[in-house]
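Each reported figure results from applying straightforward, stated rules to the coordinates on display, with no laboratory input. Only a predicted model underlies this, so the values are computations on that prediction, with no experimental measurement involved. Don't worry about glycine lacking a Cβ; one is built from the backbone with ideal geometry, like all the others, and counts go over all protein chains shown.
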Amino acid sequence: MFLSEPPTNEARASLYSRDVADDGYVANLTRLWAWRPDVFGAFTNLRRLLTDHAGLSLRERSILVCATAATLNDAYCALAWGKTLAAESNPGIAAAVLQGQDDPRLSARETALARWARQVARAPNAVRNEDVENMRAVGLTDEEIFNATAFIAFRLAFSTVNDALAAHPDHELAAATPTVVRDAVTYGRQVSKPD
């Protein structure tokens, strides 16, 4: 990353320990966010708040993040959430979403969510009432549309910090991601090299 390692303190040590306990290594994005563990904690709490009662399944949230990450050319989130989407569907579907393609194996609702994420990430001021009507036409409620949009905006903010300050995707993450998903991520920052 572009910033140096933050100074050692209790909050940073707690973040690092949690990563090691959960994943076996300290993620590059954790090293970056360790500059402000309080803000990272707030992001984590906001993500939980956004998803707990959103009416969106993990598969649908994964589609939203993958489509958003692909639109932003964010390799880190693309790999992390592509791995999740592959587990929730299959690697081919995840690869298609990460390449900005519609996949016939997605439901009409899922296709609409992927298109919505791309549109919101690319040009939110270009959204028209007809675009919202298209979401309603596949069964999304106004509350679900709001929740999906807020979740996309949250992901945009998180990705922007990671990408602007060069948090490279972890080699451990890439190694654990299905090959077809990894191969679909041809954009963004390169995977970090092993230590």
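List of remarks:
- Contour minus Cα-Cα distance for Asn125 and Ser14 (0.36 nm per residue): 35.9 nm
- Label-to-label distance, nm, for residues given as Gln99 and Thr141 (7 Å Cα→Cβ offset): 3.7 nm
- Projecting the Cα positions of Pro6, Leu32, Ala42 onto the charge dipole of the range 1-77 (unit charges on Cβ atoms of Lys, Arg, Asp and Glu, taken about the Cα centre) puts Ala42 furthest along the positive direction.
- For the range 149-162, Karplus couplings with θ = phi - 60° (6.51, -1.76, 1.60), whole Hz, Gly/Pro x: 5, 5, 5, 4, 4, 4, 5, 4, 5, 4, 5, 4, 4, 4
- The long axis of helix 75-88 is offset from the longest Cα principal axis of the chain by roughly 60 degrees.
- Packing-based order for 8-17, 164-173, using average beta carbon neighbours within 10 Å, highest first: 164-173, 8-17
- Label-point separation in nm, Leu3 to Thr160, each point 7 Å along Cα→Cβ: 1.6 nm
- The equivalent ellipsoid of the range 131-195 has semi-axes of 32, 16, 9 Å, largest first, where each one is the square root of 5 times an eigenvalue of the Cα gyration tensor.
- In sequence order, calculated HN-Hα J values of the range 170-181 (Karplus, 6.51, -1.76, 1.60; Hz; x Gly/Pro): 6, 5, 5, 5, 4, 5, 8, 8, x, 3, 5, 6
- R0 of 30 Å, Cβ-Cβ distance Val39-Ala108: FRET efficiency to nearest 0.05: 0.20
- Relative frequency of Cα-Cα separations exceeding 26 Å in the range 83-195, percent: 26 percent
- Cα Rg, Dmax, the range 1-105, angstrom units: 15.7, 50
- Here is the size of the range 1-59 from its Cα atoms: Rg then Dmax, 13.4, 40 Å.
- Angle in degrees between helix 10-23 and the longest Cα principal axis of the chain, rounded to the nearest 10: 60 degrees
- The chain, Rg to Rh (Cα coordinates; Rh as Kirkwood inverse mean 1/r): 0.97
- The angle separating the long axis of helix 37-52 from the principal Cα axis of greatest extent in the chain is about 30 degrees.
- Cβ-derived FRET efficiency at R0 30 Å, Tyr25 paired with Asp52, nearest 0.05: 0.60
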